[in-house]
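Trainee: This structure is in structure tokens; I'll ask about it shortly.
The values are calculated or read from the model by the stated rules, or taken from the named source; none is laboratory data. Note that this is a predicted model, so its numbers are computed, not measured. Don't worry about glycine lacking a Cβ; one is built from the backbone with ideal geometry, like all the others, and counts go over all protein chains shown.
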Amino acid sequence: MHISEGVLSGPVLAAGAAIAVAGTAIGLKKIEYDRIVHVAILASAFFVASLIHVNVGPASAHLILNGIVGLLLGFAAFPAILTALVLQSVFFQYGGLTALGVNVVVMAVPAVFSHYLFLPLIGKSSTLTFTAGFLSGLLSILFSSLLLGAALWFTDKNFFETSLVIIMANIPIMIIEGIVTGFCVTFFLKVYPEIIPKKKL
């Protein structure tokens, strides 16, 4: 779901950069000292998961795991995702530095929403926990696809068909991410409950 270099218009890039900077600033302020290791672990998981991708027009489809990153980190998802995307851009030329802000917004904004929507359901019961994880993973990819499509559409209305292709290509990934996130959250709650935040971040 990385947008390539040289695709987006200047205003879209500027808006993405501004939102990414604001989100990252809030995220850095909210990171608690004893959760720095959790941020690093989840940033690493995000980095590895999104390395394997399939190109779809000017973007790419791949596992992201932004749902579980957001669910467990809240606003700290912004600096975690930013760090991973910078490394991917520099070392593997995925996305690009000029499109970095938009790419961060596309993946981090849905992640933060999933935190506030679904964290209260975690731990209520095994069924609710899995359901919250599933919806977090699925909807994060859906909203990321819609944001990516919107960025392309605001750049050029001729990107409308490409945006639809990208959204359609990510439907299987939405389901896979939902299942993976549901099982991961359920697993963490049993073997490593400390990673589940006790309050909204």
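Trainee: Restricting the search to region 166-192, which residues are of a type outside the set (A, V, I, L, M, F, W, C), part of a helix (DSSP H, G or I) and touching a residue at least 60 places away in the same chain (Cβ under 8 Å)? Break it down into steps so the answer makes sense when it comes.
Mentor: Applying the first criterion (of a type outside the set (A, V, I, L, M, F, W, C)) to region 166-192 yields 170, 172, 177-178, 181-182, 186, 190, 192.
Now restrict to residues that are part of a helix (DSSP H, G or I): 172, 177-178, 181-182, 186, 190.
Listed by number, the residues that qualify are 177, 178, 181, 186.
Trainee: Moving on to the next point. Can you say whether residue 105 is modelled with pLDDT of 95 or more, in contact with a Gly (Cβ under 6 Å, 6 or more places away or on another chain) and aliphatic (A, V, I, L, M), as far as the supplied structure shows? Full working, then the answer.
Mentor: Numbers: modelled with pLDDT of 95 or more: yes; in contact with a Gly (Cβ under 6 Å, 6 or more places away or on another chain): yes; aliphatic (A, V, I, L, M): yes.
So residue 105 passes the test.
Trainee: Moving to a separate point now. Name every residue in region 121-130 that is crowded, with 17+ Cβ neighbours inside 10 Å and in a helix (DSSP H, G or I), in order of residue number. Write out each step before concluding.
Mentor: From region 121-130, those crowded, with 17+ Cβ neighbours inside 10 Å are 121-122, 129-130; that's our starting set.
Once the filter is applied, which keeps residues that are crowded, with 17+ Cβ neighbours inside 10 Å and in a helix (DSSP H, G or I), region 121-130 yields 121, 129, 130.
Trainee: Would you mention how many residues in region 106-119 are surrounded by fewer than 24 Cβ atoms within 10 Å (Cβ to Cβ) and either free of Cβ contacts under 8 Å to residues at least 60 places away in the same chain or within 15 Å of residue 82 (Cβ to Cβ) (or both)?
Mentor: Of the residues in that region, 3 qualify.
Trainee: Any chance you could count how many residues in region 2-24 are surrounded by fewer than 17 Cβ atoms within 10 Å (Cβ to Cβ) and either small (Gly, Ala, Ser) or in contact with a Gly (Cβ under 6 Å, 6 or more places away or on another chain) (or both)?
Mentor: Adding up the residues that qualify gives 7.
Trainee: So in region 166-183, with the set limited to residues that are in contact with a Gly (Cβ under 7 Å, 6 or more places away or on another chain) and under 12 Å from residue 142 (Cβ atoms), which one is surrounded by the most Cβ atoms within 10 Å (Cβ to Cβ)?
Mentor: Residues of region 166-183 in contact with a Gly (Cβ under 7 Å, 6 or more places away or on another chain): 166-167, 177-178, 180-182.
Next, only the ones that are under 12 Å from residue 142 (Cβ atoms) stay: 166-167, 177-178.
Values: 166: 24, 167: 18, 177: 28, 178: 23.
Only one residue fits best here, namely 177.
Trainee: Next question, about the same structure. Does region 120-136 hold any residues that are in contact with a Leu (Cβ under 8 Å, 6 or more places away or on another chain) and free of Cβ contacts under 8 Å to residues at least 40 places away in the same chain, and which are they?
Mentor: Passing the criteria: 121, 128.
Trainee: Can you name the helices (runs of 4 or more DSSP H) wholly within region 1-120 that have at least 2 residues being of a type in the set (Val, Ile, Thr) and closer than 30 Å to residue 156 by Cα? So that I can check it myself, show each step before the final result.
Mentor: Working: elements: 10-30, 36-49, 66-73, 77-92, 100-118.
Result: 10-30, 77-92, 100-118.
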